[in-house]
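Everything on this sheet refers to the single structure shown next.
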Amino acid sequence: MPVVSPAAYLRVFEPLAAFPPAERLRWQRFAAAAPPPSRRAGSRRERMVALVATVRPTLDVATEAAFVQVIDGLMYVCPWSTQLRVWQSALEFRRLMPERVAEAFLPRRIIDPAETELDRWRARRPELKVHIQTATWAVPAPWFLLFDPSERTLVTGDTADRSLIYRTEISLARRRIAEAIEALAAMRAVMPDPAATEGVVELARWLETFHPRSRVELDYDGLVDLLDDDVLRRDTSVEDLAEAVRALRQGRTDRAAEAYERVIVRWRPMQARESAS
């Protein structure tokens, strides 16, 4: 059986009214037919389907479902868009890898049809978007900028519900990342990883594609299996990056660098596990 790497997820749940009529009806029927998959079971099932697709002669997958939340009587939907994300991930892998390495894992005979189908999807539905971002082995630093410490839900102990999740309104997430972008010039001077700065801008652009009353969720998901309860309780990554942004706005680049470094050091062991796996 394929081994699924531990992953964290950033999800956007849009109100049902944000979807076109046909898709709205589809998700209403989906939610009414049977209980939608739970957060943990659904993410594991989806990643397994996607992983199996990478070792088959094609990248086609049949699983298309969604996470559903009902808040104050309103339904919010986060479509998996598994097929779309499999194609996008495969093309990104090809782009980042040397041709010989990429060909060994994802040969052109598999990639070319996937690229053609992805282009067709985009032509038919230019508004199509992905509601889920995935990161294996660690949480990308820009994701923490979207949340406030008070928005954390932590469940510890020997239970199937053990988890660490942040949830917020997209309007708050957009405001927080806009404040971070205002400090980007100073961030470039203190952040050792320029990709982290680029990731902030890309994340802000992604959030702008969704309905203004959407909700955003950061789910540590499989990462909690690698971290004990005390480590989860002491995880102040959200606080640290909020402090870094405040310090930059005050011109205190020294404090900003210290706060950012705390986040990098905290997640470095997890990234080392990825390199060793």
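Here are the numbers for this structure:
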read-out: Neighbours by Cβ (under 9 Å, 6+ apart or cross-chain): first from the stretch 246-269, over 22 Å from Val139 (Cβ atoms); second assigned to a loop (DSSP other than H, G, I, E, B); value: Arg249/Ala183
read-out: Residue identified as surrounded by fewer than 14 Cβ atoms within 10 Å (Cβ to Cβ), assigned to a loop (DSSP other than H, G, I, E, B) and either modelled with pLDDT of 95 or more or in contact with a Ser or Thr (Cβ under 6 Å, 6 or more places away or on another chain) (or both) among Pro212, Pro192; value: Pro212
read-out: Subset of the stretch 143-157 (residues that are free of Cβ contacts under 8 Å to residues at least 40 places away in the same chain and assigned to a strand (DSSP E or B)); value: Thr153, Val155
read-out: Number of positions in the stretch 221-277 that are assigned to a loop (DSSP other than H, G, I, E, B) and either at pLDDT below 90 or not β-branched (Val, Ile, Thr) (or both); value: 8
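The values are calculated or read from the model by the stated rules, or taken from the named source; none is laboratory data. Given the structure is predicted, the values throughout are model-derived calculations rather than measurements. Cβ atoms come from the backbone with ideal geometry, glycine included; neighbour counts cover every protein chain shown.
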